[in-house]
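Beneath this line is the structure, given in structure tokens, with notes to follow.
No value in this document is a laboratory result; all are computed from the given coordinates. Nothing here was measured: the structure is a model prediction, and the numbers come from that model. Every residue, glycine among them, receives a Cβ derived from its backbone with ideal geometry; neighbour counts consider all protein chains shown.
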Amino acid sequence: MSSSDIMTPPLTADEAAHAHAVAERIALEARAAGGWLTFERFMDLALYAPGLGYYSAGSVKIGAGGDFVTAPELSDLFSRCVAEQCAQLLEHGGEILEVGAGTGRMAAAVLTELAARNCLPDRYAILEVSAELADRQRRRVAALPPGLAERVVWLERLPERPIDGVILANEVLDALPCRRFRIQNGAILELGVAVDGQMLRERAAPAEPSLVQEWTRLAAQWSAPLPEGYVSEICLRVGPWLAGIADCLERGAMLLFDYGLPRAHYYHPQRLAGTLRCHYKHRVHDDPYVNLGVQDITAWVDFTRVAEAALECGLEVAGFATQAAFLLATGIERQVAEATDPVEHARRAGEARRLLLPAQMGEAFKVMALTRGLDAALCGFALQDLRDSL
Ligand SMILES: C[S@@+](CC[C@H](N)C(=O)[O-])C[C@H]1O[C@@H](n2cnc3c(N)ncnc32)[C@H](O)[C@@H]1O
């Protein structure tokens, strides 16, 4: 469905003023750059411009009063399953680093579960770019019982001391600014924004060399050329992002949860309009040029790219599975069965369905485990191994 078919709720006066300020900030930079910015730079500013971007300014974002709900926000069943996998990895001690911790709900639930299993990490570090979310994380962590809250630290940048343990990131890769392209006359054009009077408009331009180079590499992998007019995304930031984090992992595993696909499905010829999605007040649409700074902009993850980047960093791709297979392997059914109170049982069963069903979060969301220096098979991937699809 195109954005014009979607009714999103109108902006409040404050949101409209904010969106205007974000548009002016983007237009200012576009004019200084000769009138055009790549989509990647546009997305960077719309999400992260200091004081203005969606993740840098003060809107609620996650949860019922925000724009979208993530798996850890939907149910602590998810985080307890993550804790099950962490418990295996922390058997001989170690620490956890969570990148992009949202409201801190997963951190709180994972720590609570690991405490119950007498398997607490030495510390739980959080790396967060959003000051507003870091604030919410601090408030949530402060409410944890003594012995847990003091294990949590917030980092300004990636740790200098290498980590032995687990690195977690749920729905962070999809928030990395990406490039967008369109196929025209069999060649690639780069999509970006241009200033048109007082408006920002999408405009195609000759692709920059880094995108052409990557496109040429990808095109050599496809059995047939992509159809005329095909639009999609390429996230060139995955490699540098992963390399930075991989450098911090001396021994252990990185668990990446996100909606995404192996490359052959990501660039399927029938996926004509790409994977870009915007979230505003729980409506999903595909127009990134509206609601600037007050809506989330995301793109699905090309997990083949993540695997390639991991191998370049010397990590092993130790597991790739759907979210449903991971949660089933880490005991979600047991958690539901353990609830003896009928109301609690029904609540957990309903939440499990949303996390597991293919039409909800079970199939579109995937989990990838990247490891260094580990021999044991990870329990979360015991039921499914999709690595051959990458
Ligand atoms: C879609 S939210 C997911 C939040 C949380 N993980 C959850 O599942 O509820 C994306 C999170 O990643 C953070 N983020 C985005 N880019 C980041 C980066 N480069 N480094 C650290 N955090 C980042 C955002 O501020 C936000 O907390």
Which residues qualify? For residue 281, with a placed amide H closer than 5 Å and at least 5 residues away or on another chain, they are 67
Taking a label point 7 Å from the Cα of residue 220 along Cα-to-Cβ, the residues of region 171-196 whose backbone nitrogen sits under 15 Å from it are none
Under the Karplus relation with 6.51, -1.76 and 1.60 and θ = phi - 60°, whole-Hz ³J(HN,Hα) for region 292-298, x at Gly and Pro, equal 4, x, 10, 10, 7, 10, 9
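Taking only DSSP H segments of four or more residues, each worth -39500 (n - 2.57), what value at 222 nm results for the chain once the sum is divided by all its residues, to the nearest 500 deg cm²/dmol? Don't jump to the answer; show the numbers that get you there.
Values: 13 runs with 135 residues, N = 390.
Using -39500 (n - 2.57) per qualifying helix, the result is -10500 deg cm²/dmol.
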The extension gain from residue 13 to residue 312, computed as 0.36 nm times the residue separation minus the Cα-Cα distance, is 102.9 nm
Dividing the mean separation of Cα pairs under 8 Å (6+ apart) by the residue count of the chain yields a relative contact order in percent of 20
In nm, the gap between the two label points placed 7 Å beyond Cα toward Cβ at residue 150 and residue 201 is 6.2
Cα convex hull volume per residue for the chain, in Å³, equals 150
Computed D for region 1-89, Stokes-Einstein, Kirkwood radius over alpha-carbon pairs, 37 °C, 0.692 mPa s, to the nearest µm² per second, is 205
Per GNM of the chain with C-alpha springs under 10 angstrom, the most fluctuating residue out of 32, 207, 125 is 32
According to the Cβ-distance criterion of 4.7 Å, cysteines of the chain with no possible disulfide partner are 81, 86, 119, 248, 278, 313, 379
If amide H atoms are modeled at 1.01 Å from N in the peptide plane, then the residues at a separation of 5 or more from residue 203, or on another chain, having amide H under 5 Å from its own are 192, 193, 194
From the Cα centre of region 229-304 to that of region 99-134, the distance in Å is 23
Within region 77-115, the residues whose backbone N lies under 15 Å from a label point placed 7 Å from the Cα of residue 142 along the Cα-to-Cβ direction are 104
If amide H atoms are modeled at 1.01 Å from N in the peptide plane, then the residues at a separation of 5 or more from residue 154, or on another chain, having amide H under 5 Å from its own are 126
With Cα springs under 10 Å, the Gaussian network model of the chain assigns the largest mean-square fluctuation among 217, 182, 251 to 217
The answer for the per residue Cα convex hull volume of region 97-166, in Å³, is 78
Checked against the positive end of the charge dipole of the chain (+1 on Cβ of Lys and Arg, -1 on Cβ of Asp and Glu, about the Cα centre), the farthest of 99, 213, 285 is 285
